[in-house]
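First up is the structure itself, then whatever we jot down about it.
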Amino acid sequence: MSVAALQDWWLTLSDEVVTYGPGFVSATLVVLGVTVASILVSWVCGLLGALGKRSSFAPVRALASFYVWFIRGTPTLVQVFIVYFGMPQIGVKLSPITAGIIALGVSSGAYVAETIRAGLAAIPRGQVESALALGMNPRIMMVRIVLPQVFRMILPALTNEAISAVKNTSLLSTITVVELTLYAQLMIATTFRPFDFYIAAALIYLGLTSILSQLSAFFERRYARLS
Amino acid sequence: MAQIATAAAPLLKIRKLHKSYGANEVLKGISLDIHEGEVVSIIGASGSGKSTFLRCLNLMETPTSGFMDFERFAFDYEQGARRQPTPQQLCALRARIGMVFQSYNLWPHMTVLENVIEAPIQVRRMPRRQAVAEAEALLQRIGLYEKRHAYPSKLSGGQQQRVAIVRALAMAPKVMLFDEVTSALDPELVGEVLALIGSLAAEGMTMLLVTHEMAFARDVGTRTLFFDGGVIAEDGPPDDIIGAPRSERLRQFLRRVLHQPAALGETA
Ligand SMILES: Nc1ncnc2c1ncn2[C@@H]1O[C@H](COP(=O)(O)OP(=O)(O)OP(=O)(O)O)[C@@H](O)[C@H]1O
Ligand SMILES: [Mg+2]
């Protein structure tokens, strides 16, 4: 490649960044916002699901089992459609982004519930007994002794789930949320350059998920040192 | 020494305590008075119900039937009786009765100091500053003050078990229960844990300890119970029970335990 060609390529690229950059930035912010919100929803659902499965009250156990069974056995895309297109039929109309956050959060929550359940099962009985023997009530025991240990144990699994959460935001392109994938599609419709725009979107997803992987490795080192 | 308190009202009163797991009756009617300052060692074969008995005392296990009286608590597990503990009473009772287990069960995500102050802060609602001061004094006493910011995994078994004892002591319990607390330790670490328990006994702490350390039971204990098949088969001063066993069952049991540890003891 000649120097002139290289210069030419560079000028075009900087032009493109000026033209499409802001759009990519705001689409990326949507991805980040939806990811964070849906992860928070998934932790709440996951905790309720995991504790529900251990409840001494049979109907609660049944409900928690049904939740996990239903979510794990159906495609996430269909779950998104149920919340966004299906719910209005029974009178619950949500904005695309709210519907998307709820659908992705509740969906991921079932996987988080299974992870937490496995983590709870891995806590030695003696940890619980020593807490109870000191007079702690079950709530304090859970919050102070059991869950912190479970959290450290399942952090790698939670990070994997967070990486899935980032990637699953692309499903919301089907319900008009202008996140990265839909933004790329919209630009392709006017530029007819699918390769460029899908690769650009892919690189941004890759950046976000790589940051999460690094974070996971950091936490693993940190907690390995602590215990 | 054993007679000092016997005239006073007992600290802990157990009557006709039964515990079954399904069809398996493990405790078959235990009646017992424990007075303040008594150091009661419990011996007996594996499966005779020693652990189950200790666990019933702080209600880690729910008795099938029986009556129990301790401080302001009086519980009756008779069929249809209404004096069963509420969840709040369960916690309050356990806060007054310390229990230490064979596997130290320190919480691995907390430092030594955090392990010790956790229950005083959460259960006794003690201000953090005071809890830390008391915990540090206790850790000084067992020579582990320097280790207060270490995590349990960095401690030897004997150190962990002593922290576990101090963690229970930080609740200022009225009675301490020890269930084979030296059984999981390497022989060379047993001594430091027994020394700590011995010093508590010397201070007048009321305690019940399940142990296979017969020499310790004789030196430190004021009373020995021999459990056999879910009942107290013999009850008396350690020198009588261990030194001059009456029943053939107890003689057999002592022959077994006295010979095994002797072989182990030679290495220590
Ligand atoms: N949670 C439980 N469920 C069912 N059976 C139990 C339970 N805990 C104890 N048992 C049974 O109760 C009996 C007495 O057990 P326990 O642990 O009290 O004996 P032990 O005297 O402490 O014995 P060891 O010296 O081996 O510790 C055993 O037969 C045991 O199988
Ligand atoms: Mg036992």
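The values are calculated or read from the model by the stated rules, or taken from the named source; none is laboratory data. Model, not experiment: these values are computed from the prediction. Backbone-built Cβ (ideal geometry, glycine too); neighbour counts: all protein chains shown. To get the accessible areas, we keep the full protein, side chains included, count just its heavy atoms, and leave off ligands, DNA and RNA. Shrake-Rupley method; radii C 1.70, N 1.55, O 1.52, S 1.80 Å.
Using R0 = 41 Å, the C-beta based FRET efficiency linking A:Ser210 and B:Ser156 works out to 0.50. Straight-line reach only, C-alpha to C-alpha below 16 angstrom: list the aspartates and glutamates that A:Lys53 could link to, leaving out same-chain residues fewer than 8 apart. Straight-distance partners of A:Lys53: A:Glu114. Using Cβ point charges alone (K and R +1, D and E -1), the dipole size of the protein assembly as shown about the Cα centre works out to roughly 960 debye.
When you filter the trypsin sites (Lys or Arg not before Pro) in region B:26-93 for DSSP loop state and at most 14 other Cβ atoms inside 10 Å of their Cβ, you are left with B:Arg72, B:Arg82, B:Arg83. Gain on full extension, evaluated as 0.36 nm per residue between A:Thr19 and A:Val44 minus their Cα-Cα distance, stands at 5.0 nm. Taking Cβ atoms as reference points and 12 Å as the exclusive limit, the residues near B:His149 contribute a net charge of 0, counting Lys and Arg as +1 and Asp and Glu as -1. With a simple spin-label model that places each label point 7 Å from the Cα along the Cα-to-Cβ direction, the separation between B:Thr64 and B:Gln130 comes to 4.4 nm. Partners of B:Lys147 within straight-line reach, counting aspartates and glutamates whose Cα lies under 13 Å from its Cα and excluding those fewer than 8 residues away in the same chain: B:Glu114, B:Glu136. In the structure shown, the pairs B:Lys13/B:Lys50; B:Lys13/B:Lys174; B:Lys16/B:Lys174; B:Lys28/B:Lys50 are assessed against 20 Å; a Cα-Cα span above that value is assigned to B:Lys16/B:Lys174. Modelled spin-label separation between A:Ala189 and B:Arg15, with each label point placed 7 Å from Cα along the Cα-to-Cβ direction: 8.5 nm. Convex hull volume of the C-alpha atoms in the protein assembly as shown, normalised per residue: 228 Å³. Label-to-label distance, A:Ala202 versus A:Val143, with points set 7 angstrom from Cα along the beta-carbon direction: 4.8 nm. Nonpolar atom fraction for chain A, defined as the carbon and sulfur part of the 1.4 Å probe accessible area, stands at 71 percent.
Normalised by 2.2 N^0.38 Å, where N is the number of residues, the C-alpha radius of gyration of chain A stands at 1.28. A Förster distance of 51 Å, applied to the separation of the beta-carbon atoms of A:Ser26 and A:Arg125, puts the FRET efficiency at 0.50.
At a probe radius of 1.4 angstrom, the accessible area of the protein assembly as shown per residue rounds to 49 square angstrom. List the residues of region B:99-113 that lose 30 Å² or more of accessible area once all protein chains are present, compared with their chain alone (1.4 Å probe, heavy atoms only, no ligands or nucleic acids). Checking the loss per residue gives B:Phe101, B:Asn105, B:Trp107, B:Pro108, B:His109. Interface size, chains A and B: roughly 2000 Å² of accessible area buried, both sides included, 1.4 Å probe, rounded to the nearest 100. The accessible surface of region B:106-172, taken with every protein chain in place and a 1.4 Å probe, is 48 percent carbon and sulfur. One quarter of the surface of the convex hull around the alpha-carbon atoms of region B:32-176 equals 10.1 nm², the direction-averaged projected area.
Cα convex hull, chain B: 138 Å³ per residue, rounded to a whole number.
Overall size of region A:1-76 from C-alpha positions, given as principal axis extents largest first: 74, 21, 15 Å. Restricting region A:181-227 to chymotrypsin sites (Phe, Trp or Tyr not before Pro) that sit in a DSSP loop and have at most 15 other Cβ atoms within 10 Å of their own Cβ leaves A:Phe192.
Against the main long axis of the alpha-carbon atoms of chain A, helix A:3-53 sits at an angle near 20°. When Rg and Dmax are taken over the Cα atoms of region A:105-213, they come to 20.8, 69 Å. Quarter the surface of the alpha carbon convex hull of region B:106-172 and you get the mean projected area, 3.8 square nanometres.
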